[in-house]
Amino acid sequence: MSAIRLKATQSAALVCLALAVSGCGLSAELDREFHPDGRPRPEATRAAVPTASVPPAPSQPAPSPPVQAASGCPSSGLRYAVGPVDGAMGLRYMSLILTNCGERPYELDGYPSVTVLDETGEPFPGVRTARGTEEVPMAPDPAEPEPFTLGPGETTQAGLYWRMAAEDGTYLRVAPDAKGDGVNVRLDDPLDIGPENVLGTTPWTPVS
């Protein structure tokens, strides 16, 4: 009885081996039939395609505010300019210059209206403008304001004083007085005035 079971087991093993061999031969035969040049099947040589990394989008520069044209006379008949920054022992000074380039006289009486702006044209946080220079240590005392008429072709100026700080203001928004329309002026020399500071101003005075 044991001999019969052994023979059956051996016969089953031989059948499985024959099937395995014939299967391998069939696979090889199919490869030769579909690829007679002997090249391997595409799936055997296909390499993994690396995933391309997408670079981050470049940051867009902050938009610049509209500023006074570089030349010509504005429709208001008033044109602004600023002088270079002068400083010693932490005190800074800049002149603000106003020219009547129009055809009618302009009455002035008092201090200019000045706001320090950042690179986007927004008011610089923590910086405020004061009439006079009392709040700016070591700044000279200004003269008292006097009314006068700025005729066509004439120029006047006011002084700006501040203490040196760490952050720069890029623009000034200026007007003849608190009631006038303001215009943005880009500074050649930034004001190192931020983040917490006071800008002192002197009155308009005629330039002889």
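The values are calculated or read from the model by the stated rules, or taken from the named source; none is laboratory data. Because the structure is predicted, anything quoted here is derived from the model rather than measured. No Cβ is skipped: glycine too gets one built from the backbone with ideal geometry, and neighbour counts run over all protein chains shown. Ligands, DNA and RNA are stripped out before the accessible areas are found, and what is left, the full protein with its side chains, is counted by its heavy atoms. Shrake-Rupley method; radii C 1.70, N 1.55, O 1.52, S 1.80 Å.
Assorted remarks:
- Qualifying residue in segment 114-123 (condition: of a type in the set (Ser, Thr, Tyr), surrounded by 13 or more Cβ atoms within 10 Å (Cβ to Cβ) and assigned to a loop (DSSP other than H, G, I, E, B)): no
- Residue match in segment 156-165 (condition: free of Cβ contacts under 8 Å to residues at least 40 places away in the same chain, closer than 29 Å to Gly126 by Cβ, touching a Gly at 6+ places or on another chain (Cβ under 9 Å) and not in a strand (DSSP E or B)): yes
- Entry remark, segment 74-98: residues being open to solvent by 60 Å² or more (accessible area, probe 1.4 Å) and over 30 Å from the mean Cα position of the chain (by Cα) number 4 in total.
- Selected residue (only one of Thr156, Thr205 is at pLDDT 95 or above and under 17 Å from Pro84 (Cα atoms)): Thr156
- Scope segment 76-113; condition outside any strand (DSSP E or B), under 18 Å from Asp181 (Cα atoms) and among the hydrophobic types (A, V, I, L, M, F, W, C); matching residues: Cys101
The rows are residues; the columns are (1) in contact with a Cys (Cβ under 8 Å, 6 or more places away or on another chain); (2) among the hydroxyl-bearing types (Ser, Thr, Tyr).
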| site | (1), (2) |
| --- | --- |
| Val127 | no, no |
| Met138 | no, no |
| Pro145 | no, no |
| Gly153 | yes, no |
| Thr156 | no, yes |
| Leu160 | no, no |
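- Scanning segment 174-193 for residues that are buried (at least 18 other Cβ atoms within 10 Å of the Cβ) and closer than 19 Å to Gly132 by Cα turns up Val174, Ala175, Pro176, Leu191, Ile193.
- Test for Glu135: is it assigned to a loop (DSSP other than H, G, I, E, B), open to solvent by 60 Å² or more (accessible area, probe 1.4 Å) and over 18 Å from Asp192 (Cβ atoms): no
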